[in-house]
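Note sheet for the following structure.
The values are calculated or read from the model by the stated rules, or taken from the named source; none is laboratory data. Here the structure is a predicted model, which means the values were calculated and not measured. No Cβ is skipped: glycine too gets one built from the backbone with ideal geometry, and neighbour counts run over all protein chains shown.
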Amino acid sequence: MIQVEGLTKRYGERTAINKLTFHADKGEIVGFLGPNGAGKTTTMRILTGYMPPSEGKASVAGFDLLTQSLEVRKRVGYLPENVPLYPEMSVVQYLDFMAELRQVPNRNERVDEVMEVVHIADRAESFVSNLSKGLRQRVGLAQALLHKPEVLILDEPMEGLDPQQQIEVKRLLREVGAAQTVMLSTHILAHAQELCDRVIIINGGQIVAEDTPDRLSAQIAGGRRLQLEVDGDGDGLLAELRALPGLSSVRVVADGRFEIETAPGPDVRPLIASTVVGGGWKLLELRRERLSLEEIFIQLTREEAEAAAAAETGAPLAEGQAPGSDSAAG
């Protein structure tokens, strides 16, 4: 439902986004992640028709962004980071106004419906100026849903929401994402890991990784971090493990618990398991540690920054260091 190829935006001599190529399919929730200034909001504004790209092309809901912009806007629901609300209006007045602008059929019924969906119906007569930030965020989400869009583009949709409200919004996004295309940015990476079918990590205006959270974890960790637990204190096992090929480090975490780092190459878990059992220790657990999306994000964006700095100064990268997006892209 979203197809992007070579999307570029320049502001004078500064390039905000550079040749972005990605897609988001129907029934998919895609997380768009990156540090401040990475180009997330610029990309979302282009995809919603708020600004044109400098180069590249994109289609949204099957319509060309440049030549069929009006058709794109009819089919996109957009929640910007700073929701444009009218403080002098009540909630229901604002949503009715937005429904009228979008020519929503049976708009009174639809306004009531979306207020129920985002749990704001009890504040229908409240003035927007009297709402908390979290409630304003829900009003903004309601206006994005009014016209039953095929594509939802949400910039920080859970900003300002309390934990219970975040749970409700995540539930709503899962329901919407089952039949529509949802693209969202968030600084709360745990939410992205929980919600998103796929994530796109952008840094310095370029995509540095794109895949499911699980596959990104496997790629970045490379299967190199293992957790081992045996019955008892594991006396003598440390020396046996350190003698095995393919293990770069082994350390004792607690009695009977070991953290193992493996070098790139074949899976060494069968060798570790046979060493433990063959040595008379009782194996309780041997598992590959899964990196969190936050750890992946930090590692990728740090590698990109270090690679950029090295390129500017002409300094060589540290031994074994990934040269940036070429090695990180999923």
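Restricting Ala273, Ala309 to residues that are in a helix (DSSP H, G or I) and modelled with pLDDT of 95 or more narrows the list to Ala273. Counting the residues of segment 97-142 that are over 22 Å from Glu156 (Cβ atoms), polar (S, T, N, Q) and part of a helix (DSSP H, G or I) gives 2.
To keep it simple, each residue is scored yes or no on (1) within 20 Å of Val91 (Cβ to Cβ); (2) surrounded by fewer than 22 Cβ atoms within 10 Å (Cβ to Cβ); (3) not assigned by TED's automatic domain parsing to the domain that holds Glu88.
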position: Ser126; (1), (2), (3): yes, yes, no
position: Ser129; (1), (2), (3): yes, yes, no
position: Gly134; (1), (2), (3): yes, yes, no
position: Arg138; (1), (2), (3): yes, no, no
position: Glu156; (1), (2), (3): no, yes, yes
position: Asp162; (1), (2), (3): yes, yes, yes
position: Glu168; (1), (2), (3): yes, yes, yes
position: Arg171; (1), (2), (3): no, yes, yes
position: Arg174; (1), (2), (3): no, yes, yes
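Restricting attention to segment 181-203 and to residues that are assigned to a loop (DSSP other than H, G, I, E, B) and modelled with pLDDT under 90, the residue that is farthest from Thr21 (Cα to Cα) turns out to be Ile188.
For Ser292, the criteria (1) at pLDDT below 80; (2) of a type in the set (Ser, Thr, Tyr); (3) over 16 Å from Gln227 (Cβ atoms) hold in every case but one, which is (3). The requirement of being over 30 Å from Gln3 (Cβ atoms), of a type in the set (Phe, Trp, Tyr) and either under 28 Å from the mean Cα position of the chain (by Cα) or in a loop (DSSP other than H, G, I, E, B) (or both) is not satisfied by Tyr94. Please go through segment 85-99 and pick out each residue that is touching a helix residue (DSSP H, G or I) at 6+ places or on another chain (Cβ under 8 Å) and without any contact (Cβ under 8 Å) to a residue 40 or more places away in the chain. Of everything in segment 85-99, those that are touching a helix residue (DSSP H, G or I) at 6+ places or on another chain (Cβ under 8 Å) and without any contact (Cβ under 8 Å) to a residue 40 or more places away in the chain turn out to be Met89, Ser90, Val92, Asp96. The set of residues from segment 1-60 being among the hydroxyl-bearing types (Ser, Thr, Tyr) and either in a loop (DSSP other than H, G, I, E, B) or touching a Phe, Trp or Tyr at 6+ places or on another chain (Cβ under 6 Å) (or both) comprises Thr48, Tyr50, Ser54.
Annotation: of all residues in segment 90-117 being crowded, with 16+ Cβ neighbours inside 10 Å and touching a Phe, Trp or Tyr at 6+ places or on another chain (Cβ under 9 Å), the one that is nearest to Ile167 (Cα to Cα) is Val91. Please find, within segment 266-293, the residue that is farthest from the chain's Cα centre (by Cα) out of those that are under 22 Å from Ala254 (Cα atoms) and of a type in the set (Asp, Glu). Ranking the candidates gives Glu285 first.
When Met1 is tested against (1) buried (at least 19 other Cβ atoms within 10 Å of the Cβ); (2) closer than 20 Å to Asn203 by Cα; (3) modelled with pLDDT under 95, just one condition goes unmet, and that condition is (2). I'd like to know if segment 143-160 contains one or more residues that are assigned to a helix (DSSP H, G or I) and aliphatic (A, V, I, L, M). Yes, the conditions are met somewhere in segment 143-160.
Condition check for Tyr78 on (1) in a loop (DSSP other than H, G, I, E, B); (2) closer than 23 Å to Pro149 by Cα: one failure, at (1). When Leu20, Leu47 are checked against the criterion of being over 23 Å from Val83 (Cα atoms) and assigned by TED's automatic domain parsing to the domain that holds Glu71, Leu20 stands alone in meeting it.
Taking the criterion of being over 14 Å from the mean Cα position of the chain (by Cα) and in contact (Cβ under 8 Å) with a residue 60 or more places away in the chain, the residues of segment 144-166 that qualify are Ala144, Leu145, Leu146, His147, Pro149, Glu150, Val151, Leu152, Glu159. Any residue at all in segment 62-83 that's surrounded by fewer than 18 Cβ atoms within 10 Å (Cβ to Cβ), touching a residue at least 24 places away in the same chain (Cβ under 8 Å) and of a type in the set (Asp, Glu)? Yes, because at least one residue in segment 62-83 is surrounded by fewer than 18 Cβ atoms within 10 Å (Cβ to Cβ), touching a residue at least 24 places away in the same chain (Cβ under 8 Å) and of a type in the set (Asp, Glu).
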